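What follows draws every value from the coordinates through simple rules; no lab data is involved. Computed from a predicted structure; not experimentally measured. Neighbour counts are summed over all protein chains in view; Cβ atoms, including those assigned to glycine, are modelled from backbone coordinates with ideal geometry.
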Amino acid sequence: MKNILRPALVLFGALTLITGVVYPLVVTGAAQALFPDQAAGSLILREGKPVGSSLIGQNFSDPKHFWGRPSATGPMSYNASSSSGANQGPLNPALVEAVKGRIAALKEVDPGNTAPVPVDLVTASSSGLDPHISPAAVAYQVARVAKARNVPVGKVQALVEQQTETPLLGFFGEARVNVLKLNLALETLS
């Protein structure tokens, strides 16, 4: 028994040390050295204080701001610890009602807008935390934001073009706009 127990305990201790201490320290150190922004949470700072992360959406409901994708996290919106999709199919009555309600809210705040509502303004992403929306979703909101801020539409549109991220290497993914970054940049117009 002694011949079996001692090697088992030594192996247990060694593997605990390697996988529980050494490996996490090496990975964390490498991440902080190679990707310091991402390792720190991709925080966006304003006057030295964090206002959010470029990787997690936030809830904007003021007509003076661009609105992002709805969040499917619960019990509160954009809760990173509860990241998950709504798990509702396109024929699910709850999803249909939620989309109708979101469309109604968009139409209520901008009744003169007759353009079709982009799908990413009324449906959550698979994580429920997506910080980006499509250029079409931004374009749908430009006139409302410009009017609410009393800023020329051309100025808001120019800001949107500056904030639009292109696909990686020109073809991986789609063009997108980070809503938090756009709203922070929008504050410089006012």
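Once you charge only the Cβ atoms, +1 for Lys and Arg and -1 for Asp and Glu, what is the size of the charge dipole of the chain about its Cα centre, to the nearest 20 debye?
On the way: 15 positive and 12 negative charges, 62 e Å.
With only Lys, Arg, Asp and Glu charged at Cβ, the dipole is about 300 debye.
Quickly rank 27-33, 62-68 as a protection proxy: mean count of other C-beta atoms within 10 Å, highest first. Could you put the intermediate results ahead of the total?
Working: 27-33: 11.1, 62-68: 20.3.
Order by mean packing, descending: 62-68, 27-33.
Just to verify a number: FRET efficiency for Ser126 and Val10, C-beta to C-beta distance, R0 = 41 Å, to 0.05?
Values: r = 45 Å, r/R0 = 1.09.
The formula returns an efficiency of 0.35 here.
Towards the positive end of the charge dipole of the chain, with charges on Cβ (+1 Lys, Arg; -1 Asp, Glu), say which of Pro118, Asn178, Pro152 has the farthest Cα.
Asn178
Between Ser83 and Phe60, what length comes free when the chain is fully extended (0.36 nm per residue of separation minus the Cα-Cα distance, one decimal in nm)? Can you show the working numbers first?
Working: separation 23, 0.36 × 23 = 8.28 nm, distance 1.83 nm.
Result: 6.4 nm gained on full extension.
Using only alpha carbon pairs under 8 Å that are at least six residues apart, calculate the relative contact order of the range 1-64 and give it in whole percent. Present the calculation step by step, with values, prior to reporting the outcome.
Details: 23 pairs, mean separation 9.0, N = 64.
Answer for the range 1-64 is 14 percent.
Can you give me the pair-distance distribution of the range 4-91, C-alpha pairs, 10 Å bins, whole percents?
13, 23, 25, 19, 13, 5, 1, 0
Have a look at Val96, Ile4, Ala137 and report the one farthest towards the positive end of the charge dipole of the chain, computed about the Cα centre with Cβ charges (Lys/Arg +1, Asp/Glu -1).
Looking along the dipole axis, the top candidate is Ile4.
P(r) for the range 34-83, please, calculated from all Cα pair distances in 10 Å bins and given in %.
Bin by bin from 0 Å, the calculated values are 23, 44, 30, 3.
If contacts are Cα pairs under 8 angstrom and at least 6 residues apart, what is the relative contact order of the range 98-190 in percent?
In percent, rounded to a whole number, it is 25.
Given an 8 Å cut-off on Cα distances and at least 6 residues of separation, report the relative contact order of the chain as a percent.
Numbers: 230 pairs, mean separation 37.9, N = 190.
With pairs under 8 Å counted, the relative contact order is 20 percent.
Evaluated at 37 °C with a viscosity of 0.692 mPa s, what Stokes-Einstein diffusion coefficient in µm²/s does the range 103-190 have when Rh comes from the Kirkwood expression over alpha-carbon pairs? Spell out each step's value before the answer.
Details: Rh = 13.9 Å.
It diffuses with D of about 236 µm²/s by this estimate.
Step through the table entries Lys100/Lys147; Lys49/Lys155; Lys107/Lys147; Lys64/Lys155; Lys49/Lys147, compare each Cα-Cα distance with 23 Å, and write down the pairs that go over it.
Values: Lys100/Lys147 25 Å; Lys49/Lys155 27 Å; Lys107/Lys147 15 Å; Lys64/Lys155 14 Å; Lys49/Lys147 29 Å.
With Cα atoms farther than 23 Å apart: Lys100/Lys147; Lys49/Lys155; Lys49/Lys147.
Based on Cβ point charges of +1 for Lys and Arg and -1 for Asp and Glu, what charge dipole magnitude is obtained for the range 130-183 about its Cα centre, in debye rounded to the nearest 20?
Details: 6 positive and 4 negative charges, 70 e Å.
Magnitude of the dipole: close to 340 debye.
Quick one: length gained pulling Ala143 to Arg46 fully straight, 0.36 nm per residue minus the C-alpha distance? Could you put the intermediate results ahead of the total?
Values: separation 97, 0.36 × 97 = 34.92 nm, distance 2.63 nm.
Extra length from Ala143 to Arg46 when fully extended: 32.3 nm.
With everything on Cα atoms, drop me the angle between helix 93-109 and the longest principal axis of the chain, reported from 0 to 90° to the nearest 10.
The helix 93-109 is inclined about 50 degrees to the chain.
Helix 153-163 against the longest principal axis of the chain: what's the angle in degrees, Cα atoms only, rounded to the nearest 10?
So the helix axis and the longest Cα principal axis differ by about 20 degrees.
Where does helix 23-34 land angle-wise versus the long Cα axis of the chain, in degrees 0 to 90, nearest 10?
That works out to roughly 40 degrees.
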